[in-house]
Amino acid sequence: MAEAVADAPQLGSPLTRAAVARLVALLLPATLLAGAFGSEYFGHLNPCEMCWWQRYAHLAALVPAMLAFTAPAGSRRSRLLVLLASLGIAVSGAIGVYHAGVELKIFEGFTTCTRTGAATLQDIINAPLVRCDQVQWSFLGISMAGWNAILSLGGAALIALLTARGSRR
């Protein structure tokens, strides 16, 4: 208990590298998932199969990221959980690289076209056809899969760097 209080930053004091890494490990997948689900429910963009794979990796990353907050930020346990979350984030980014490559016709996709949101046969028939090799939305010429790759791999690298530097202290 005293260790947790000693690790807590004081009002006005800067966060430690380990604390920043822990925050990034939690907020990055949560924010990217919010964007993905927001684009689906508010933007009416239906996810393809590879989009779901990227979401699953981020969902998996959230579990160790949340568990990292059960120990002091600089503790071995918290750092290990943060690195595990970083691995999940990196997996989502790697899937994003592959997905963006499929969209750009660099790679041949190995998934079939998918239909989402189907519960009954009529739903299956009426569900929109979502292709993994077609870009539904892009910003600055980069698709959602591309943005996920950039943000996830960059974030995972940042988390690893902050955690590695924090452990040398």
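Taking the condition buried (at least 17 other Cβ atoms within 10 Å of the Cβ), outside any helix (DSSP H, G or I) and modelled with pLDDT under 90, does GLY74 pass? Yes: the conditions hold for GLY74. Among the residues making up the range 24-49, those that are assigned to a helix (DSSP H, G or I) and of a type in the set (S, T, N, Q) are THR31, SER39.
The sole residue among LEU161, LEU153 that is crowded, with 17+ Cβ neighbours inside 10 Å, in a helix (DSSP H, G or I), among the hydrophobic types (A, V, I, L, M, F, W, C) and at pLDDT 70 or above is LEU153. When each of LEU67, LEU28, LEU33 is tested for being among the aliphatic types (A, V, I, L, M), surrounded by fewer than 18 Cβ atoms within 10 Å (Cβ to Cβ) and out of contact with any His (no Cβ under 7 Å at 6 or more places or on another chain), the lone residue that passes is LEU67.
The values are calculated or read from the model by the stated rules, or taken from the named source; none is laboratory data. Remember, predicted model here, so these are calculated numbers, not experimental data. Backbone-built Cβ (ideal geometry, glycine too); neighbour counts: all protein chains shown.
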